[in-house]
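See below for the structure under consideration.
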Amino acid sequence: MSIADIILGLVTWTFQKLVLPVLPTNLPALSYSEFNSILSGTLKHNLIYSFSGLSQLFNLKLLFILLGSIIIGELLYWLVKAGFFLVKLIRG
Amino acid sequence: MLSNQQNKLIWGFIPRHLILIVCIAIFLFLGSNALGIAHFEDDLDSYADDVKMDSAGDEWTSSCGNSRWWSVDDKVFTGTRAMNWTIWREGCNDITNTFTTGGKTNATTQFYMYFKDTTGGTVTFVFYDYNKTHGCSVQVDDGDVAINSWHESYLKTWFDGESNFLCSLDVGFFSTQSTGTAQTVSTTQLYISGSVGAEDEWIYLDDFQRYSLCDIDHCYNCLDSTTCEAEGCSWYFLFYKQIFTCIPPPEIDPEECGEFYKCLYCLTQEACEEMMTCFWTDIGLGDQCYQEEPAIPPSQVEWEVPELEECGELSGTEYWLCEIKNDIAGFFLPSQEKVNALYQTLGAFKDKFPINYISSMTSFFSEVTESLESTTTIPIEILGQDSEVNFTLWDATTTIGGEEESLKNILFDFTSVLVLFGWFTWLISMVRRFF
């Protein structure tokens, strides 16, 4: 048995016995199947139906990437501010 | 009691984060239709009495402006109003009333239907999807159900285990199902039309509502494996949609000679040996037909351990150097079995949170991106006439810097620059806010 076998065996055992059993498959409030069906079903078609007409005028791929980056940026900023806000609230 | 400073923090929070709230509201609005599982809900009680359904609410329209569905109070299932079909009020000969349902794929709507003294009554429900050219229709006749009584009814749309969009109608004990035309993927409008045989015959519909009871007769309303299987349904994976769904339990196959587990029903050696997966033998219980053990294919692993160099063709110093190199490499190289085990262990993470949710989101974004890249038309309606915006002007070309450029490309680049400029403005303000 090589050193690589020992290391791989240890890594595999760690993942199988310590990590995988802890990770859940579904979130308590929203199961994976419900999440996937919402995304890949009506939400996708709703988005396509709502924005497909704009494809003649705008680069929708660029628009959505930039819009997504704005939302993520604002969300991160909000999370940081919320953290500071909670600290101030607790301290009084 | 909060201090003045705490009050200022709380009430100053919302205005400063208005843009985030607006963005979230937009996405919730777009996604709100995706979260409901009824095609639409309307108890009809909010409308005035004796009102044409095409003016009864923003969601109700009629195919010719004069509806034959009317809001009435003479016969209701529940509440104060129902809608009834009549032929004696003025209107066109073939009327469909349409309710805008938004983009629903898997949805169930419960309602109640009544055929009053009808001798040729029919009600037809047609679901059209967002491009209005593909749909699914179902129909019920008064001969299918008892007349002069209210029937609990269900309209349902869903994807089957292949790639078909289906719709079904259940009225009392009557049930019918239909397959949608090709490329139907969701519903945005429900067309309802009816017919009766004489002026004193009526059809009533009432109380459209979301139906979500999960039981053996309504497996499609069960949203997770626990409740699905608890009700006796089957939790099934739709390969086409890559989602799990709850379906009625499969019918038990008749006990007759066949392949695999059905080998035990083969009573003669000839019938047994005709099956590819069966064999006839006596294991101490007399001659019987048994299923052959299937050959398990080797696991497909992308990671292959490199083989050691062949030293047999070498001689002298090269041979010994090759052998030493192989010995050192063999000390550090893993075996294929360990690599396979690691590969399968890492593969198990794909079904665990958050990997499965993230992969679902990435496939959603890539599918939306691919769909949005294809150009479509913009439908418009002027004075009741449907048409599409004409973009032929977009193909007009001009010469810029010696290159031929179409108006569409010029406008496209212009709007892209505007969008990028707006985004850079936001980026600068974001950086300034942080620092």
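Brief remarks on what is shown
- With one equal scatterer per alpha carbon and no solvent term, the Debye-computed log10 I(q)/I(0) for segment B:109-229 at 0.12, 0.13 1/Å reads -0.48, -0.56.
- 20 Å Cα-Cα threshold exceeded, pairs from B:132/B:156; B:75/B:116; B:52/B:75; B:52/B:132: B:52/B:132
- Between residue A:29 and residue A:10, residue separation times 0.36 nm minus the direct Cα-Cα distance comes to 3.4 nm.
- The alpha-carbon of residue B:352 sits under 21 angstrom from the alpha-carbons of these lysines, leaving out residues fewer than 8 places away in its chain: A:17, B:241.
- Peptide B:332-345 has a mean of 5 when you count, residue by residue, the C-beta atoms of other protein chains within 10 Å of its C-beta.
- Residues residue B:59 and residue B:303, FRET efficiency given R0 of 45 Å [Cβ-Cβ distance, rounded to 0.05]: 0.20
- Each of the peptides B:148-154, B:311-317, B:124-130 was scored by the mean count of other Cβ atoms within 10 Å over its residues; in descending order, highest first, they stand as B:124-130, B:148-154, B:311-317.
- Shielding of B:349-359 by partner chains, average beta-carbon count, 10 Å: 4
- Fully extended contour minus Cα-Cα distance, from residue B:137 to residue B:366, at 0.36 nm per residue: 79.3 nm
- Highest-first arrangement of B:137-143, A:31-37, where packing means the average Cβ count within 10 Å: A:31-37, B:137-143
- Highest average packing first - A:24-30, B:277-283, B:107-113, Cβ atoms within 10 Å: B:107-113, B:277-283, A:24-30
- Förster radius 25 Å - calculated FRET efficiency between residue B:343 and residue B:311 (Cβ-Cβ, nearest 0.05): 0.30
- Taking label positions 7 Å along the Cα-Cβ direction at both residue B:234 and residue B:324, the computed distance is 6.5 nm, reported to one decimal.
Values in this text are rule-based calculations from the coordinates and carry no lab data. It should be emphasised that the depicted structure is a prediction, and the values quoted were computed from it without experimental measurement. With ideal geometry, Cβ positions are generated from the backbone for all residues, glycine too; neighbour counts draw on all protein chains shown.
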